[in-house]
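The structure appears below as structure tokens.
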Amino acid sequence: MTNTTLDKTTIGFGLSAALVSILNTLLVIFKEMTPPFKKAMADAMGHHWTTHGVIVIGLFLVLGFVLAGAVKPESWGADKLGKAIIWSVIISGGALAAFYILH
Amino acid sequence: MSLFGIQVSVMVHVLFGVLGIILAVALLVYVLNMSEKNIPMIRSLSLWTAVSMILSYVIGGWWYVVYYVHERDIIRAGPWKWAHTFFMEWKEHFFFALLFLSILLPIIAYRNDLMVPENRRLMVIVTAIIVLIGLAVDGSGAVISRGVIVGYMGRVAP
């Protein structure tokens, strides 16, 4: 049975944290595999990591507010959100480690 | 900036990172011993954990972008080049997950009823992940520092 005890901002930013952690890893893999893209990121703000940070933090904030407005609280209980965050961290951290070991 | 200032700035970055981990551990203890009386302390600790992690990110990020390149070249020329190619690369990117969860922490603490067991479990999960990632990136930072030293050792004592 779904639990409705979380507020919408918590669900929005919790889901955003889970999603953007995965997108962060995908952006790392894409920029490392595409040197012209990495160079464009470096040219944009002086260092590729600065641009990377602006993109993912901006995405986290925008997605957090958008999801907070769009999500149905009854669809996301605290336990379900907790599981989504755990899996996101395992997948994004593990994939990032695997990528840099193999790269 | 002077060499002293550069070294102090990177130490301040580490200081705030470690402080964030300590605050998160304290928060975990309070959340595991939840009572109405502990809620103000839990909310305060969640906020200061986030502030500490954000300061660590801003100071460390500035140092990384402006000054790390010199240390990176020393590491990459030395026998521990993986201190950069794995540990720094992993740390500098995975830190964002830690940052997002640190920002999420006060949102959970201030906007929800923490006496509800499910909400308390979510708080425990997010706080525990912050501690684990914090320790992992802190350990990576230690490896990177040793990578610089090993790089210099190779230069003076082949």
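The values are calculated or read from the model by the stated rules, or taken from the named source; none is laboratory data. The model shown is predicted, which means the values in this text are computed figures rather than measured ones. For neighbour counting, all protein chains shown are included, and Cβ atoms are generated from backbone atoms with ideal geometry for every residue, glycine included.
Tabulated results
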| read-out | value |
| --- | --- |
| Test: residue in segment A:57-77 that is modelled with pLDDT under 95 and of a type in the set (D, E) | yes |
| Single unsatisfied condition, A:T4 versus (1) facing chain B (nearest Cβ under 8 Å); (2) at pLDDT below 95 | (1) |
| Among the residues listed as B:S2, B:S9, B:S46, B:S52, the single one being over 19 Å from B:L122 (Cβ atoms) and buried (at least 18 other Cβ atoms within 10 Å of the Cβ) | B:S52 |
| Elements of type helices (runs of 4 or more DSSP H) contained in segment B:1-87, each with 1 or more residues being closer than 17 Å to B:R146 by Cβ and in contact (Cβ under 8 Å) with a residue 40 or more places away in the chain | B:3-32, B:68-77 |
| Residues that are under 17 Å from the mean Cα position of the chain (by Cα), surrounded by fewer than 20 Cβ atoms within 10 Å (Cβ to Cβ) and either more than 7 Å from chain B (Cβ to nearest Cβ) or within 14 Å of A:F30 (Cβ to Cβ) (or both), drawn from segment A:89-98 | A:I90, A:I91, A:G94, A:A95 |
| Filter result for B:V137 (touching an Asp or Glu at 6+ places or on another chain (Cβ under 6 Å), more than 10 Å from chain A (Cβ to nearest Cβ), buried (at least 17 other Cβ atoms within 10 Å of the Cβ) and in contact (Cβ under 8 Å) with a residue 24 or more places away in the chain) | no |
| Subset of segment A:51-66 (residues that are more than 11 Å from the chain's Cα centre (by Cα) and more than 10 Å from every other protein chain (Cβ to nearest Cβ)) | A:T51, A:V54, A:V62, A:F65, A:V66 |
| Sole residue being farther than 27 Å from B:V126 by Cα, at pLDDT 95 or above, charged (D, E, K, R) and assigned to a helix (DSSP H, G or I), chosen from A:K83, A:K39 | A:K39 |
| Options A:F30, A:F60; residue that is loosely packed, with under 14 Cβ neighbours inside 10 Å and within 21 Å of B:V65 (Cβ to Cβ) | A:F30 |
| Residue count, segment A:67-79 (criterion: more than 8 Å from chain B (Cβ to nearest Cβ), part of a helix (DSSP H, G or I) and surrounded by fewer than 18 Cβ atoms within 10 Å (Cβ to Cβ)) | 5 |
| Sole exception among (1) at pLDDT 95 or above; (2) farther than 26 Å from A:I57 by Cβ for B:L3, by number | (1) |
| Pair list, Cβ under 6 Å, 6 or more apart: segment A:65-80 residue in contact (Cβ under 8 Å) with a residue 24 or more places away in the chain and at positive phi, other residue surrounded by 15 or more Cβ atoms within 10 Å (Cβ to Cβ) and hydrophobic (A, V, I, L, M, F, W, C) | none |
| Residues of segment B:101-126 classified as facing chain A (nearest Cβ under 7 Å), crowded, with 19+ Cβ neighbours inside 10 Å and outside any helix (DSSP H, G or I), total | 1 |
